[in-house]
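Comments concern the structure below.
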Amino acid sequence: MVTLGQMLPSGNVAGFNCGTLLPSFAPPLTTTTRNFSVKMSIPATQASIVLPENRIILGCGAVSVDFLAAVASYPSPDDKIRSTSFEVQGGGNTGNALTCAARLGLTPRIISKVADDSQGKGLLEELEADGVDSSFMVVSKGGNSPFTYIIVDNQTKTRTCIHTPGYPPMIPTDLSQSNLLSALDGAKLVYFDGRLHETAAIVAEEANRRGIPILIDAERKREGLDYLLNFASYVVCSTKFPQEWTEASSIPSGLVSMLLRLPKVKFVIVTLGKDGCIMLQRTEMDNLLPEEMDVEDLFEKLNLEKDTNATLPACISSNVAKLHAKGIGTITGKLLVGTAESIPQTELIDTTGAGDAFIGAVLYSICANMPLEKMLPFAAQVAAIKCRALGARAGLPRSTDHRLSPFLV
């Protein structure tokens, strides 16, 4: 068997020893129209950072070593080409999202599994260096840590991932009861990426017993995901997930269906890449009878309010309404549409991990009690900054980054 260490030259790459394979704007303003409010940004001078009072969060899911090769264009079959740049760094949805949250000022803990190989050692060292508590990680004797080959196409700005899972896989008995209870102690929020579903189920059940809110990354249908979603307080989805999971005809209708099927969920966000995001927030009924609106019509109206000349992320929010989806049902809530930063092509390097960066910023925003109208542009800005460097973690901003100061006041 050829080891990954044999495939790489000696030297340090993104914190991993390859020879041994260790692996400016002010707060936005809001203006209100008849049916919705529009979020705008204005230039700023200074901002002081205020961190959340309780910054402890727990994540359970994937970690990986990412081998990233950027190429001028994706190769055809039997081609031999050279990379334009190369990086080795930590990856995996949970590892990435928690690294992002740590750089923003939270105190994450992680539950996952690696082997006692050089890749696993490098992963643990990188997480700790970024402020992620890896003391609840399981380290197997023998086997291999998970790794992913990622080809980044400079021409199309896309990436192709080839993943090799870790072995042996994580099983519930890997996590002792004492470690489970310690990992959850004092946590304000728990995050799952849908992987390690048997272990995740045990963590979710205990978090639910303790009344700790749960955020689920619903990237795609996975074994055990439906069970986890029953515990969710918040859900962040990929573009395709709402329609695939609900069989609705559109994303807005799919969001209504998700909130009807998941009564504990407070909001669902769907990330749309360069087109931003859409969120449906559940709200409680008050003494005032809200207006009833078709969710598709409202979505179209909010989209028309986008400033097509704006380059920075913004948010457009509806008022509370009874939102109806044909053939599905009605939810009382608010629909929000977020835009993404328009990144110049000369600055756009790699979208790997952009969704994880978005989720990391959402985790921070929830802990900081950030208004939703502010959270969506903030998360979009964090993701956009990440896209200016190769890999999921190299470009993740810290809370001191001047491009984030408007949102951290």
Checklist outcome for this item: Residues in the range 50-86 that are open to solvent by less than 40 Å² (accessible area, probe 1.4 Å), more than 25 Å from the chain's Cα centre (by Cα) and on the phi > 0 side of the Ramachandran plot total 0
Next on the checklist: The conditions are (1) out of contact with any Pro (no Cβ under 8 Å at 6 or more places or on another chain); (2) surrounded by 13 or more Cβ atoms within 10 Å (Cβ to Cβ), and Lys141 fails exactly one of them. Which is it?
Outcome noted: (2)
Checklist entry - Any chance the range 235-246 includes a residue that's closer than 20 Å to Asn93 by Cα, of a type in the set (D, E, K, R) and in contact with a helix residue (DSSP H, G or I) (Cβ under 7 Å, 6 or more places away or on another chain)? => result no
Checklist entry - Taking only pairs six or more apart or across chains, which ones have beta-carbon atoms under 7 Å, a first residue in the range 70-87 that is over 17 Å from Asp350 (Cβ atoms), and a second residue that is part of a strand (DSSP E or B) and not aromatic (Phe, Trp, Tyr)? => result Ile81/Val71
Item to check | Residue ranges of strands (runs of 3 or more DSSP E) in the range 212-309 with at least 1 members crowded, with 17+ Cβ neighbours inside 10 Å, within 19 Å of the chain's Cα centre (by Cα) and among the small types (Gly, Ala, Ser) | outcome: 214-218
Checklist outcome for this item: Flagged pairs (Cβ under 7 angstrom, 6 or more apart or on separate chains; first in the range 108-136, within 17 Å of Glu87 (Cβ to Cβ); second open to solvent by 40 Å² or more (accessible area, probe 1.4 Å) and not hydroxyl-bearing (Ser, Thr, Tyr)) are Gly122/Gly15; Glu125/Gly15; Glu126/Gly15; Ala129/Gly15
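The values are calculated or read from the model by the stated rules, or taken from the named source; none is laboratory data. Please read all numbers here as calculations on a predicted model, not as lab measurements. Cβ sites come from the backbone with ideal geometry, for glycine too, and all protein chains shown count toward neighbours. For the accessible areas, the whole protein counts, side chains as well, though only heavy atoms, and no ligand, DNA or RNA atoms are used. Shrake-Rupley method; radii C 1.70, N 1.55, O 1.52, S 1.80 Å.
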